[in-house]
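To keep things clear, I will list the structure first and then write my remarks on it.
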Amino acid sequence: MLTMAGAILLLFVLMQFVPGDLISIMLGPRVTPELRQAFTERMGLDRPIPERLWLFFSNAVRGDFGTDVVSHRPIIDIVLEVLPNTLQLAFAAMVIGASLGVALGCIAALRPGSRLDTFLGIASVAFITTPSFVVAIFLLLIFSLALHWLPVTGAGDPASLSDRLAHLILPASALAIGWIGYVARLVRASLLEVLSEQHIRMMRAYGVPERRIVGRYALKLALVPLVAVLGLGIGDLISTSVFAEIIFARPGIGSLVYNSIMSRNYPLAQAGFLVFVLVYVISGLAVDIINSLLDPRIARSLKLRGAT
C-alpha cells in the first residue's frame, strides 16, 4: 500500500516538473481557447496543488484516470486491453527461464568442478551479459525473416491459441535468455549448500537414493531463494518487455507507455506506470505465500512476527 501511495505521489510530482505548458504539449500549440479551458477544468489544473494532489490520488485509487485525448476512450480500458499481452509475455519468459535455468543448475550442482560444470558456468555468464534486445533482434532475423519458422510481429489471432503461442515464442525467449543464466547460477549455489547440510548427509548415511534426496528434499529447499528472486523479477520482466514489444510490434503495457511518452500523452503513461507498480506489489505478496508453502520455517517466522 505504501509502495502504491509513493508511486502515485511520485507521478504527481513529476507532472509538475514537465517543462512548458502541459496542455499545449498534450493537445498541440494550435489548441483553441475553448478546448484549453475545458481540458483545464477536466484535469483540475485550475485548482490549488494540494487539491489537485488529493484529486489525483483519489482517482488513481478508484482506477479513474480520465478519458484519453486521442481515442476518447477511458484510459483504464485502454490499459486493461493490453495488460493480458504483457502478463502472458512475462509469464512465458519466466517459465522458459526458470525451467531451463533449474535444469542447468541441477546438472552443474550434481557435477561440481567437472568440465560440464565449467562449460555451464561460462554459458550462464554469457546468457546473463547478453542484452535482451540484442537477442530479440537476432531471433527475429534468424527464425522469422531467414527461416520463416515463426511469425514476425503482432500478438496473434485472439481466437487461435496456437497462433498466439507462435507469436509468443520469440519475444518470450528473448526476455528469458538472461534469466536462464541467472537462475542456473542461483540454483547451483543453493543446491550445493543444501546438499552439504547435516540432514542430507544423514539421509545418505541411511542409504536413501541420491535421486530421491535431490528430487524430493534438497531441490525443494534450494528453490526457496529462487522463488523470491523470480517474484521480484516479474517487475524486471515487465519493464524490459518494452524492448521485445517494440521490436516485435507486440501490443502491451511496455509499448503503450513508450508510445504514450513519445506522443506526450502523459495521463496514459501514468496509468501504465501505476499498473507496473501494482503488478510488482502483487508479485511480492505472492512470493511470501509461496515461500511459506515451500519452507515451513518461513511460515513459522511470519506467524511469530505477526504475534509480536
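The values are calculated or read from the model by the stated rules, or taken from the named source; none is laboratory data. Remember, predicted model here, so these are calculated numbers, not experimental data. Glycine gets a Cβ as well: all are built from the backbone with ideal geometry, and neighbour counts include every protein chain shown. Just so you know, the surface numbers come from the protein's heavy atoms only, side chains and all, with ligands and any DNA or RNA stripped out. Shrake-Rupley method; radii C 1.70, N 1.55, O 1.52, S 1.80 Å.
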remark   = Mean accessible area per residue over the chain (1.4 angstrom probe, all protein chains present, square angstrom) is 56
inquiry  = Run the Debye formula on the Cα coordinates of the stretch 222-282, all scatterers equal and no solvent, and tell me log10 I(q)/I(0) at q = 0.26, 0.29 1/Å.
reply    = -1.03, -1.15
request  = Identify which of the listed values of semi-axes √(5λ) of the Cα gyration tensor in Å was calculated from the structure shown: [x] 31, 23, 18; [y] 48, 22, 15; [z] 45, 26, 15.
outcome  = [z]
key: the chain, helix-only ellipticity at 222 nm - DSSP H runs n ≥ 4, -39,500 (n - 2.57), divided by all residues, nearest 500   = -24500 deg cm²/dmol
message = Tell me which of LEU145, VAL208, GLY252 sits at the most positive position along the dipole axis of the chain, charges placed on C-beta atoms (Lys, Arg +1; Asp, Glu -1).
response = VAL208
task = May I ask you to evaluate 6.51 cos²θ - 1.76 cosθ + 1.60, the Karplus curve with θ = phi - 60°, for each residue of the stretch 172-182 and list the ³J(HN,Hα) values in order in whole Hz, giving x for glycine and proline?
result = 5, 5, 5, 6, 7, 4, x, 6, 4, x, 5
request  = Could you please report the charge total around GLY156, scoring K, R as +1 and D, E as -1 over all other residues with beta-carbon less than 14 angstrom from its beta-carbon?
outcome  = -1
key: Debye, to nearest 20: dipole size of the chain, +1 on Lys, Arg Cβ, -1 on Asp, Glu Cβ   = 1200
Listed residue (VAL183, PRO225, HIS199) projecting farthest to the positive dipole end of the chain, Cβ model = HIS199
query = Where q = 0.27, 0.30 Å⁻¹, what log10 of I(q)/I(0) comes from the Debye formula for the stretch 54-96, counting one point per Cα?
reply = -0.88, -0.95
note = A 1.4 Å probe over the protein heavy atoms gives the chain a carbon and sulfur accessible-area percentage of 68
Cα long-axis angle, helix 49-62 against the chain (0 to 90 degrees, to the nearest 10) = 50
inquiry  = Please give me, ordered by residue number, the chymotrypsin sites (Phe, Trp or Tyr not before Pro) of the stretch 134-190 that lie in loop per DSSP and have at most 16 other Cβ atoms within 10 Å.
reply    = TRP149
request  = For THR67, list long-range residues whose amide hydrogen, built 1.01 Å from N in the peptide plane, is under 5 Å from its own amide hydrogen.
outcome  = ILE75
ask   = Using θ = phi - 60° and the Karplus form 6.51 cos²θ - 1.76 cosθ + 1.60, what ³J(HN,Hα) does each residue of the stretch 184-189 get, whole Hz, x for Gly and Pro?
value = 4, 5, 5, 5, 4, 5
key: Relative contact order of the chain, pairs being alpha-carbon contacts under 8 Å that are 6 or more residues apart, as %   = 23
